[in-house]
Amino acid sequence: MSTRSTRRSSWRTVFAPIALAATAVLTLAGCSGGLAGGGDAASEDGPIKLGMAAPFSGSESAFGPYMQNGAQLAIDEINAAGGVLGRQLELVTADDACDATSATAAANKLVTDGIVASVGGYCSGATLPTLPIFEAANIPMVIPAANSNELVKAGLNNVFLINGTGTQQAEAAIKYAAKEGLTNIALLDDNTDYAKDLANSVASQAADGGVTVVLQDSVNAGESDYAAAVNKIVSSGAQLLYWTGYYQEGGLIVSQLKAAGYTGQIMVGDGSVDAKFAEIAGPAADGVLGTFTQTPDMLEGAETWISDYTEKFGAAPGPYSTQSYDAVRVVAEAITNAGTTDGEAVITALEGLKDFPIFSGSLTFSPEHTLTEGGFAIVTVGPDGTFVLKDDLKS
Amino acid sequence: MLQLVIDGLFVGSFYALVALGYSMVYGIIKLLNFAHGDIYMVGAFTGLVVFSTVSGLAGGGILSILLVMLIAMIFTGLLGVGIERIAYRPLRKSPRLAVLITAVGMSFILEYGVRQIFGPNPQVYGARLEGATLSFLDARITLPQIVLMVVAAALMVVLNLYIMRSRDGRAMRAIALDPQGAQLMGVNVDKVISRTFFIGSALAGAAGVMAGAYYGSIDFLMGFVIGLKAFTAAVIGGIGNLYGAMLGGIVLGLLEAFGTHWLGGQWRDVFSFACLILFLSFRPTGILGARVVERM
């Protein structure tokens, strides 16, 4: 720095480093995409590696360990029964921090680690940029949790969803609202891919389902005061508010809604269905509904699974542990059927799966590689703050 | 309309409390203390720890929250003094860019240090401010909101008296005007700077406890956005000017309330930072800031 710079206005001194940092981040993000496809083909001996990119840090970091545990449980069971193609399975995890840049790096790391298939993906916004990376490396993905329609719209051959999509979740919400005679609904999302997609799905299907969307609005995640959105909802006269974002903001919004005198019903999407939701919302969580794929504690005959899990990890299974467990089993089944770990063959085998039993029902992939059976149910906040089954929407 | 004003004033009073610390530090040593928002976060977490260790406090209502706030203020105040002593004082003669980067580093240390201790998940606050909702003229305001605004206003009044009436306050103003001159007149500059950091950080800590008790959930990244907002508030009001920080906080709160009402919630940050850029372009000294005379 020359002496001239000291005479510059202080503002420039302030913003120069910020601009520099931003440039550096952008450059890095751009570069990491170029690494795609650099991974070597899976080796023919040693363990078969399955990769999982999931959030282990950041705002959604609660879910990463649940998913890891679920997948590990399936792997241990399969290994104890002799493995796949006579080889053991091994889980490789990477942290995507629910953030596109970290997810790209995580996917590249998994590819260079030589994984055969991906069984990860929680945040849709972080999973989307990883799709082309895995595709270029010819790695099939069985995504357990992320369920934005955008994942399907990309039309990539290697992508399979074993969680219901936003469209299916929206159907469940509308079906319940119509069933209960709640015709005026308000939609609120947190501007993430997943939440926006779900809200838009509801908006586009509402008319067919016989409900009217009286208000659709977004808030920014990571804030604490949502007075503006709350006021709009209260004055919109909606009989049902459907919050499609994650639980942290969801809890705050619900408690602020109740404080503002909102008397209608409140429903939340599966990103908010978590015990933390009720903890954050406090007493306002009473009677809040949710749309959710069924968890083991809601399923009949899952007691052994729950006790296995609890014994192994010392805690009750959390959200998406079943889906991750299923993702590993689905991939293992496909590799067994294919008789090889070659990506193309495994993808063909996945497409050929028929009535494979998973937690949410029996699995046969649709031509879009999504579930043919949605499996979404309506849950509600129970007495101890966890969500319990209210209506399985089967009737 | 009135509802928007109330919402704006309420959020604005948080911004103002945090912006005061920003502005005081900038006024005295010309440092943009980017770690300031994270002190707010540490304040919230200090409150959480006090509530969970001293069990009798959680149910005690407003008085216990005030007591916890006091403890958190002392802790964050001392933390601010410590940060200044370790991270900023050795660099006081360095180029301003070096100190700025140190401040950003300090901010990361606080954020990820807290994350190491408490984990990445949002924490639920031990005590919650609950109260009746009052309505007048079609607008609603809750009792906790009134209490928190009164507390914020009281803190600001006390601060103002301290700066304007006390000997220390006079020393602060003297250093802000001319550090070397003040030193020549026998002002202990180091001591006064420490004191400034103590007060600014204590106010941020108080705001942190208030936010925790009102909203009910805190996380280790909560200081980031409010740090930027407080910076924006300080700039709008006129950075380095105390009345400016208070006014800037309120103005920013109102701008946000009206902006989100007209444009939708997702535009809230775009709107407030656009205001920041407009101010920087057309009136970098803010609403109340005096024209800075360039000293050669």
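The values are calculated or read from the model by the stated rules, or taken from the named source; none is laboratory data. Values in this document were obtained by computation on a predicted structure and should not be read as measured data. Every residue, glycine among them, receives a Cβ derived from its backbone with ideal geometry; neighbour counts consider all protein chains shown. With ligands, DNA and RNA removed, areas are computed over all heavy atoms of the protein, side chains included. Shrake-Rupley method; radii C 1.70, N 1.55, O 1.52, S 1.80 Å.
Accessible area per residue for chain B, computed on protein heavy atoms with a 1.4 Å probe, is 44 Å².
For chain A, a Kirkwood hydrodynamic radius built from all Cα pairs, placed in the Stokes-Einstein relation at 20 °C and 1.002 mPa s, yields a translational diffusion coefficient of 97 µm²/s. For chain A, what is the calculated [θ] at 222 nm in deg cm²/dmol (nearest 500), taking -39500 (n - 2.57) for each run of four or more DSSP H residues and dividing by its residue count? Only helices count here, giving -13500 deg cm²/dmol.
Counting only whole DSSP H helices of chain A, the ones at least 27 Å long by C-alpha along their axis and with mean Kyte-Doolittle hydropathy no lower than 1.0 are A:10-34.
Given a 1.4 Å probe and the protein chains as shown, A:Cys98 ends up with an accessible area of around 40 Å².
Think of the protein assembly as shown as a dipole: +1 on every Lys or Arg Cβ, -1 on every Asp or Glu Cβ, centred on the Cα centre; then among B:Leu20, B:Phe271, A:Thr112, B:Leu20 lies furthest on the positive end.
Once you average over the residues of B:78-88, how many Cβ atoms of partner chains fall within 10 Å of each Cβ? Display every interim value, and only then the final one.
On the way: counts 0, 0, 0, 0, 0, 0, 0, 0, 0, 0, 0.
Across B:78-88, the average partner-chain Cβ count within 10 Å equals 0.
What you get for the protein assembly as shown, charging only the Cβ of Lys and Arg (+1) and of Asp and Glu (-1), is a dipole of about 4580 debye around the Cα centre.
What are the DSSP H helices in chain B that stretch 24 Å or more along their long axis, judged by alpha-carbon atoms, and whose average Kyte-Doolittle hydropathy comes to at least 1.0? Can you show the working numbers first?
Numbers: long enough: B:2-29 (39 Å, 1.65); B:36-53 (26 Å, 1.04); B:61-83 (32 Å, 2.57); B:96-118 (33 Å, 1.26); B:143-165 (32 Å, 1.99); B:189-215 (39 Å, 0.94); B:242-263 (31 Å, 1.28).
The answer, listed by residue number, is B:2-29, B:36-53, B:61-83, B:96-118, B:143-165, B:242-263.
Excluding A:Leu156 itself, calculate the net charge of residues whose Cβ lies under 12 Å from the Cβ of A:Leu156, where each Lys or Arg counts +1 and each Asp or Glu counts -1. Result for the local shell: -2.
Counting only protein heavy atoms and rolling a 1.4 Å probe, how much accessible area do B and A lose on contact, total for both sides, in Å² to 100? Show your work: numbers first, answer last.
Working: alone 14490 and 16490 Å², together 27820 Å².
Looking at B and A, the buried total is near 3100 Å².
Accessible area of A:Ser236 (1.4 Å probe, protein heavy atoms only, ligands and nucleic acids ignored): about 40 Å².
Projecting the Cα atoms of B:Leu159, B:Gly208, B:Ala174 onto the charge dipole of the range B:15-219 (Cβ charges, centred on the Cα centre) puts B:Ala174 farthest toward the positive pole. Other residues with beta-carbon under 12 Å from the beta-carbon of B:Asn188 carry, at +1 per Lys or Arg and -1 per Asp or Glu, a net charge of +1.
What number, in percent, do you get for the relative contact order of chain B if the mean sequence gap of Cα pairs under 8 Å and at least 6 apart is divided by its residue count? Mind dumping the intermediate values first?
Details: 489 pairs, mean separation 109.0, N = 296.
Value for chain B: 37 percent.
Dipole orientation for the protein assembly as shown: of the candidates A:Ala285, B:Tyr125, B:Leu254, B:Leu254 has the Cα lying most toward the positive pole (charges on Cβ; Lys, Arg +1; Asp, Glu -1). Inter-chain neighbour count for B:263-274: the average number of beta-carbon atoms from partner chains within 10 Å of each residue's beta-carbon is 4.
Across peptide A:215-226, how many C-beta atoms of other chains are within 10 Å of each residue C-beta, on average? Walk me through the intermediate numbers first.
Details: counts 0, 1, 4, 5, 5, 8, 0, 6, 10, 13, 12, 5.
Taking all residues of A:215-226 together, the mean is 6.
Its convex hull of Cα atoms gives chain B a direction-averaged projected area, equal to a quarter of the hull surface, of 16.2 nm². Measuring against 20 Å, Cα to Cα, the residue pairs A:Lys109/A:Lys153; B:Lys93/B:Lys191; A:Lys153/A:Lys179; A:Lys175/A:Lys276 contain A:Lys109/A:Lys153; A:Lys153/A:Lys179; A:Lys175/A:Lys276 as the ones spanning a longer distance.
What does the net charge come to around B:Met41 if you take all other residues with beta carbon closer than 9 Å to its beta carbon, with K and R at +1 and D and E at -1?
So the surrounding residues net to -3.
What dipole magnitude, in Debye to the nearest 20, does the range A:94-197 give about its Cα centre under +1 on Lys/Arg Cβ and -1 on Asp/Glu Cβ? Please list the in-between numbers first.
On the way: 5 positive and 12 negative charges, 56 e Å.
Using Cβ point charges on Lys, Arg, Asp and Glu, the range A:94-197 gives about 260 debye.
Only the Cβ atoms of Lys and Arg (+1) and of Asp and Glu (-1) were treated as charged; on that basis the dipole of the range A:242-382 about its Cα centre amounts to roughly 400 debye. Over all pairs of different C-alpha atoms, the protein assembly as shown has a mean inverse distance whose reciprocal, the Kirkwood radius, equals 27.0 Å.
Using a probe radius of 1.4 angstrom, the carbon and sulfur fraction of the accessible surface of the protein assembly as shown is 60%.
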